[in-house]
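First the structure, in the form of structure tokens, and then the observations on it.
The values are calculated or read from the model by the stated rules, or taken from the named source; none is laboratory data. Note that the structure is predicted; figures quoted are calculated from it, not measured. All Cβ positions, even for glycine, are placed from backbone atoms using ideal geometry, and neighbour counts span all protein chains on display. For the accessible areas, the whole protein counts, side chains as well, though only heavy atoms, and no ligand, DNA or RNA atoms are used. Shrake-Rupley method; radii C 1.70, N 1.55, O 1.52, S 1.80 Å.
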Amino acid sequence: MQYEVVIGLEIHVELMTASKLFCGCSTTFGGEPNSNCCPVCLGLPGSLPVFNRRAVELAVTAALALNSEVQLRSRFDRKNYFYPDLPKAYQISQYDQPLGRGGYLEVELTGGKRRVNLERVHLEEEAGKLVHAGDSIIGAGHSMADYNRAGIPLLEIVTAPELHSGQEARTFLEDLRSLLLYSGASDCKMEEGSLRCDANISLRPEGSSKLGTRAEVKNMNSFRSVELALDYEVRRQEQVLSEGGTVVQETCHWDEAKKQTITLRGKEGSSDYRYFPEPDLLPLVLEKTFVENLAHQLPELPATRRERLQEQYGLEKEEALLLTSNRELGDFFEAAAKQYPGYRHLANWIQGDLLYQLRESGKRLNEIEPGLLVDLLLRLDEGRINRPVAKELLAEMVQSGIDPKEAIKERGLEQITGRDNLLPVIEEVIANNPEAVDNYRQGKKKALAFLVGRVMAATEGRADPAELNRLLQEKI
Amino acid sequence: MQLYEHTAAELSRMLQSREVSSVEVVRSFLERIDQVDSYLKAFITQTPVTALDTAGEIDSGRMRGENLHPLAGVPVAIKDNISTMDLRTTCASRILENYIPPFDATAAAAVKRAGMPILGKTNLDEFAMGSSTENSAFFPTRNPWDPQRVPGGSSGGSAVAVAAGMAPLALGSDTGGSIRQPASLCGVTGLRPTYGRVSRYGLVAFASSLDQIGTVSLNAFDCALLLNLVAGHDPLDSTSLPGAVPDYTAGLEPGTKGLRVGVISYSSTEGFDPEVTETVQKAAALLEEHGAEVGEVSLSLTDYGLSAYYLIAPSEASSNLGRYDGIRYGYSAAGDNIETMFSRTRGEGFGPEVKRRVMIGTYALSAGYYDAYYLKAMQVRTLIRREYEKAFKKFDLLLGAASPTPAFKIGEKIGDPLQMYLSDVCNITDSLAGVPSLAVPGGFHSSGLPLGLQLTARPLQEQLLLKTARFFEAYRGQVSLRPGLEFIEKGGGSSAV
Amino acid sequence: MPVDFGKEVDYVAHLARLSLEPEEKECLAGQLSEILETARRIQELDTAGVEPTSHVTELPAVLRDDSVRPSLPLNRALQNVPQREKSFVKVPRITASELEQD
């Protein structure tokens, strides 16, 4: 039997505020355990929460970017459960009156662009972090709690069950990440845990409209592991069903090392969270103008920008896709394109050498002045420097922040062109390498490359390669 | 007359005129504590050294001519569920027996800023759950009017401290009557302010939507002095009310002309002592005699209110008390996995009444019961608020009893939770409605025990309550409101129960 | 229909993480049945269409500025911790079935 895969995602992203959701403690990642804690985020008796305005703004901004219907009145509830990383034994979250209802994201999936609907977007607080003695959680003698993370504002985004493969889930997540980065709501660092994803996955016979029994997959720590874990789970469930078995509702962990999912618990272990309205917080009531202002401040979002870049600069879809993968990259391209008309040439240099050098040097894009790249490309176009020199200068520009214009002048890197300048060098190389000249004349084409190399070495790489080739052949 | 026999206002005046020093005042109260508290057991923790230090600092400040708060140098006792930095705050629970807060409750900070020496932390029913202070994990507190009887609760320690001259003022907390009922049983004045008037920051939560810090004092003017200090918006408590705080000591001249007073008629007075009802009637007559327009107001939902309260408060409590899991603070039992460790910690750390309420609350919030219990109770709460709104269209003030009976015997109700819950029946609907409510001494029972009146007003009308309480004080005459405590002199020791 | 709490005691005690002695359970079952029976009286009231009151204060939430304020010094933050391990709070063993609670 053919099965249809049905996947719904539950995504948590940490919002980029300076202080926590309900107290003034810093949200800085890392640092001494339990050093960013106060009575509120430690849940000391008598402490009370107070909303962080910025967290509300970022949550509303993200909800707007996700086309979710922002509720002018929403409520916070307590989700009660016991766990050592949860200082109050309840998480302040939103239950039946979330900040954002519905929403969608247009995603480029197999079979073209598709709208993936969201059920809700809501604000809640982060729990602390448990570190386990030994290699793995299970079997560890004991664990250790660090509450620095406890109370960081968290946005929960729940999709409808509308994704149909690990690949689709991954693409959706990548697009969601880029959207949230654009909106400035989160830095979405999966490796630091500021973006996390759990998935509900089930199979149903092709054509059936009834959802099958689902498994919840957790602990997927990269986009790649989301895809791998879900594909693994599809195969596992397919096998169960094809052997005539039934899928049991369960929660499982993705084991990155073993590349398989491990069952944590069955349905009977599922919790009764005893949600009720948080008495310590009055309802969150937003002014209409507050939401409208945030809507106005919303930057152009990646999908729109992608289309505009293709249209305005004549870029290929793939190029536009890459340049919109984050907001800074697109901004850099557009800033440079204002001064440089060779858009595709520019795009190629950015996605090729520039990104390569950034990766190599660990530098950030915002440390690079777009005008410098433009200067470099203009000099290359004018033939004043050659391509290898341009590449070398770009590397230095990224690594040590040199001004290529100045470097060309100071180090005399301008290209050597013209018969009068090149011929004396060429003749000297011919005279000093009779054997290679003979080889070439006997038909060994490789010898020419050797001679070109000698001339380049003598000119410190500055000879105009095309002219050099022509003159060398003419002479021998 | 001993210094400890004076009101806070008198002490304030004597300190400001330098008739006495704060050290002398504090010494007098400390001696009184030494004399009677080993018997009455109002304090869980006494802090004589820091109290004298503060007093000394205030005295030197006064010598230097510093501008001091009117209450500077006047000592105070604090209920042991209000967090005090570096001072053990136990909530009368084993689970917090050794807990030392690294911060001050906003109300405690205000008291310290004003330069009030803190005499100690007073006893209460564990986590403020109870009406007799018998639920303290450490010891019960005795009523100074009759050592065989309870002082009421949960702020029993604070009420006894003030009634027996161990402190001129005390802070308490009132969730469903926990200031008013013990004030009534001990013959002192107790105010539950409007919900949100005093910051709850640092008050260890029992039922957050009902908890409110308030005052215990000898009279209404003293109450106003302390209320001035602790009332007001607190940026650390989002449920605290915005807006300016009036000077509660101003405009307290007794005036009852034209005051519209509704005397509460309960749907059922089963369990009410007839003398209690009589005292309320007499008070109403007195008001009428002095120009008030007195009518009858029926609060038909009172009994339902009690039921709603005993669902809402335990529900919130079950959540508020989840944090006592032995990981970050407090009692911690051994266990080789988290479930065992949590359950043992809580099973061994909480007393029977706390367990009962945590169980009821957990049940009322759990899947399948939420609508029938918790949600329904919250709807009933709305009906009760409406009933109050209606009553306040007709009346400025509601008058009733602060407790259905005078102080009952230690051990009398402890085995019967429902009977114990009924002792809050006069207080609970005010709490549910969030309105201010004050217990003021109203007379004596034929047994010699004090009886309290309860005055209730619209939100933020604390001044009207204080003013009316002053009226009753003025007509009280020369009746002594001090318990004799002869039983202590007779060598009552510790074998009275 | 009288409330029989007896059957619920174990489940509720587990939800509330309360270990109870057998005699405690028995006592609680009786008392809680009685208390809930009384509490059920509120069912007599017609509350159709009545908004529940979760806060008596009818004001919107107050928002504070996103400014960082000093945290507690580490030793203050951990002063009440029963078992510390360096600057961590020590937690007992977590079994596989307890791995994820949220």
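Exactly one residue out of A:E410, A:E460 is acidic (D, E) and assigned to a helix (DSSP H, G or I), and it is A:E410. The condition (being at the interface with chain A (Cβ under 10 Å from one of its Cβ atoms), out of contact with any Cys (no Cβ under 6 Å at 6 or more places or on another chain), assigned to a loop (DSSP other than H, G, I, E, B) and closer than 29 Å to B:A433 by Cβ) is satisfied by just one residue among C:E51, C:E58: C:E58.
So which residues in the range A:143-160 are over 21 Å from A:R54 (Cα atoms) and buried (at least 20 other Cβ atoms within 10 Å of the Cβ), if there are any at all?
Passing the criteria: A:S143, A:M144, A:A145, A:D146, A:Y147, A:T159.
Of all residues in the range B:442-461, those that are touching a residue at least 40 places away in the same chain (Cβ under 8 Å) have Cβ atoms under 6 Å from Cβ atoms of residues that are in a loop (DSSP other than H, G, I, E, B) and surrounded by fewer than 18 Cβ atoms within 10 Å (Cβ to Cβ), 6 or more apart or on another chain, in B:L451/B:H445.
Residue under question is A:P84, and the condition is that it be in a loop (DSSP other than H, G, I, E, B) and out of contact with any Lys or Arg (no Cβ under 8 Å at 6 or more places or on another chain); does it hold? Yes. Of the numbered criteria (1) surrounded by 24 or more Cβ atoms within 10 Å (Cβ to Cβ); (2) more than 7 Å from every other protein chain (Cβ to nearest Cβ), the one B:F392 fails is (1).
Every residue, every condition in (1) over 18 Å from B:V440 (Cα atoms); (2) open to solvent by 40 Å² or more (accessible area, probe 1.4 Å); (3) at pLDDT 65 or above, yes or no:
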residue	(1), (2), (3)
B:L466	no, no, yes
B:A469	no, no, yes
B:F472	no, no, yes
B:Q478	no, yes, no
B:G484	yes, yes, yes
B:E489	yes, yes, yes
B:S494	yes, yes, no
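Against the conditions (1) in a helix (DSSP H, G or I); (2) open to solvent by less than 20 Å² (accessible area, probe 1.4 Å), A:Y340 satisfies every one except (1). When A:T61 is tested against (1) within 17 Å of A:R149 (Cα to Cα); (2) in a helix (DSSP H, G or I), exactly one condition is not met: (1).
Quick check on this structure: which one of A:G46, A:G31, A:G8 is more than 9 Å from chain C (Cβ to nearest Cβ) and touching a Phe, Trp or Tyr at 6+ places or on another chain (Cβ under 9 Å)?
Numbers: A:G31 fails: touching a Phe, Trp or Tyr at 6+ places or on another chain (Cβ under 9 Å); A:G8 fails: touching a Phe, Trp or Tyr at 6+ places or on another chain (Cβ under 9 Å).
Going through A:G46, A:G31, A:G8 in turn, the sole match is A:G46.
Among the residues of the range B:341-379, those that are more than 7 Å from chain C (Cβ to nearest Cβ), open to solvent by less than 10 Å² (accessible area, probe 1.4 Å) and of a type in the set (G, A, S) comprise B:G349, B:G361, B:A364.
Pick out the one residue from A:A55, A:A62 that is touching a residue at least 60 places away in the same chain (Cβ under 8 Å), within 12 Å of another protein chain (Cβ to nearest Cβ) and not charged (D, E, K, R). None of the other options fit; the residue is A:A55.
When you check A:K288 against the structure, is it open to solvent by 80 Å² or more (accessible area, probe 1.4 Å) and either in contact with a Lys or Arg (Cβ under 8 Å, 6 or more places away or on another chain) or within 14 Å of chain C (Cβ to nearest Cβ) (or both), yes or no? Walk me through it before giving the result.
Numbers: open to solvent by 80 Å² or more (accessible area, probe 1.4 Å): yes; either in contact with a Lys or Arg (Cβ under 8 Å, 6 or more places away or on another chain) or within 14 Å of chain C (Cβ to nearest Cβ) (or both): yes.
Spelling it out, A:K288 is indeed open to solvent by 80 Å² or more (accessible area, probe 1.4 Å) and either in contact with a Lys or Arg (Cβ under 8 Å, 6 or more places away or on another chain) or within 14 Å of chain C (Cβ to nearest Cβ) (or both).
Among the numbered conditions (1) assigned to a helix (DSSP H, G or I); (2) over 15 Å from B:S268 (Cβ atoms); (3) open to solvent by 10 Å² or more (accessible area, probe 1.4 Å), the only one that B:D430 does not meet is (3).
From B:Y329, B:Y324, B:Y309, which residue is within 7 Å of another protein chain (Cβ to nearest Cβ), open to solvent by less than 10 Å² (accessible area, probe 1.4 Å), in contact (Cβ under 8 Å) with a residue 40 or more places away in the chain and closer than 24 Å to B:S93 by Cα? Before the answer, list the steps.
Values: B:Y324 fails: within 7 Å of another protein chain (Cβ to nearest Cβ); B:Y309 fails: within 7 Å of another protein chain (Cβ to nearest Cβ).
Within the list B:Y329, B:Y324, B:Y309, the selection yields B:Y329.
How many of the residues in the range A:96-121 are surrounded by fewer than 17 Cβ atoms within 10 Å (Cβ to Cβ) and within 30 Å of B:S318 (Cα to Cα)? Lay out the reasoning, then the answer.
In the first step, residues of the range A:96-121 are kept if they are surrounded by fewer than 17 Cβ atoms within 10 Å (Cβ to Cβ); the result is A:96-97, A:102, A:104, A:106, A:108, A:110-113, A:115, A:117.
When the remaining residues are screened for being within 30 Å of B:S318 (Cα to Cα), the result is A:96-97.
Residues that pass the stated criteria total 2.
Pick from A:L154, A:L179, A:L211: which is assigned to a helix (DSSP H, G or I), hydrophobic (A, V, I, L, M, F, W, C) and either more than 24 Å from A:K113 (Cβ to Cβ) or at pLDDT 90 or above (or both)? Please lay out each step first, then the result.
Details: A:L154 fails: assigned to a helix (DSSP H, G or I); A:L211 fails: assigned to a helix (DSSP H, G or I).
Sole residue among the options that is assigned to a helix (DSSP H, G or I), hydrophobic (A, V, I, L, M, F, W, C) and either more than 24 Å from A:K113 (Cβ to Cβ) or at pLDDT 90 or above (or both): A:L179.
Based on this model, can you work out whether C:K25 counts as touching an Asp or Glu at 6+ places or on another chain (Cβ under 9 Å), under 26 Å from A:F276 (Cβ atoms) and surrounded by fewer than 18 Cβ atoms within 10 Å (Cβ to Cβ)? Taking the combined requirement at face value, the residue satisfies it. Here A:I426 meets each of (1) within 22 Å of A:Y340 (Cα to Cα); (2) in a helix (DSSP H, G or I) with one exception, condition (1). Of all residues in the range C:84-94, one or more are open to solvent by 60 Å² or more (accessible area, probe 1.4 Å), under 25 Å from the mean Cα position of the chain (by Cα) and either facing chain A (nearest Cβ under 7 Å) or under 30 Å from B:R386 (Cβ atoms) (or both).
Out of curiosity, is B:L252 outside any loop (DSSP other than H, G, I, E, B) and away from chain A (no Cβ under 13 Å)? Lay out the reasoning, then the answer.
Working: outside any loop (DSSP other than H, G, I, E, B): no; away from chain A (no Cβ under 13 Å): yes.
No; evaluated as a whole, the condition is false for this residue.
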